[in-house]
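Have a look at the structure below before the remarks.
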Amino acid sequence: MSNYFKLDKSDSVALLTFDRNEKRNPLNQDSVAELEANLLAIRDDHEIRALTITGVGNTFSAGADLSHMKGVADPAERQRLFTSIAPERRRILRRTLALLQNLEIPTVAAVNGFAVGGGWFLALACDLRIAVEGAEFWMPEVDLGSPGPRGPEQWLAQHVGPARAKEIIFTCRHFKADELLQWGLLNRVVKKTDLMPTALELARSLAAKRPDAIRQAKAQINGYFLE
């Protein structure tokens, strides 16, 4: 039984929805394992020719599950608790995001609200990104005492250059969707009511194209920019 995600298929398009709004769609050990299992099933389903990923509520994904830090106010203790889980979390998340990035089908992130830390990396691992107006993105890891996964941080630098990647990672500030659209990290910014129709229409249009041509083009682009 699914605890974190819903997987729906319509014709040749899969829709994977992060469905734990009460926990702000966290990336913990269980949810990442479930995400990986869903991605493997999508990879092996040759009827699926495009994938859209979104979340429920106003959060795409809040990133690492920090429930074990609830009520801890001391900054040093918060850093200790965060860094104690960081190495294993980074390893598993990096593997799962690489699986998403290397799917042969086109992938679309429909960012419905906040995308934080690993949640931002989840969107970044998709080929195309559409966000709602007012969506916010930030990387809190440095303030919590540990950097994010090495691979995804390198992807960020390859997308926007080292200077802007360092600004995002070092400052931990919140970035609005409109600013990231200008930086080239988003493809479109739309009204909330238009998010899913726009994302699914784009996915359907990509699914209708020759899959071998999409696969080859994606491999060539990823091989050049994301080695």
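Read the figures in this text as sums done on the coordinates, not as results from a lab. All values derive from a computational prediction rather than experimental measurement. Neighbour counts run over all protein chains shown; Cβ positions are idealised from the backbone, glycine included.
Give me the number: length gained by fully extending Asn102 to Ser10, i.e. 0.36 nm times residue separation minus the C-alpha to C-alpha distance, one decimal in nm. Each step should come with its number before you reach the end.
Working: separation 92, 0.36 × 92 = 33.12 nm, distance 2.21 nm.
Going from the current span to full extension adds 30.9 nm.
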Which net charge results for the neighbourhood of Gln182, defined as the other residues with beta-carbon distances under 12 angstrom from its beta-carbon, given Lys and Arg at +1 and Asp and Glu at -1? 0
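To the nearest 20 debye, what is the magnitude of the charge dipole of the chain about its Cα centre, counting +1 on the Cβ of each Lys and Arg and -1 on the Cβ of each Asp and Glu?
Values: 29 positive and 28 negative charges, 48 e Å.
Dipole of the chain, to the nearest 20 debye: 240 debye.
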Note down the nm distance, to one decimal, between modelled labels 7 Å out along Cα→Cβ at Arg91 and at Lys191. 4.9
Given the C-alpha centroids of the range 168-227 and the range 92-106, what is the distance between them in whole angstrom? 15
Per the 1/(1 + (r/R0)^6) rule, R0 = 25 Å and r from the Cβ atoms of Ala219 and Trp183, FRET efficiency to 0.05 is 0.50
Listed by chain and number, the lysines with an alpha carbon less than 24 angstrom from that of Lys192, same-chain partners under 8 positions apart left out, are Lys6, Lys9, Lys23, Lys176
Restricting the count to DSSP beta bridges whose residues both fall in the range 5-225, what percent are antiparallel, rounded to a multiple of 5? 25
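Mind sorting Phe18, Phe170 by how few other Cβ atoms lie within 10 Å of their own Cβ, fewest first? Working shown, then result.
Details: Phe18 28, Phe170 12.
Lowest to highest Cβ neighbour count: Phe170, Phe18.
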Tell me the net charge near Ala41. Cut-off is 15 Å between Cβ atoms, Ala41 excluded, with +1 for each Lys or Arg and -1 for each Asp or Glu. -3
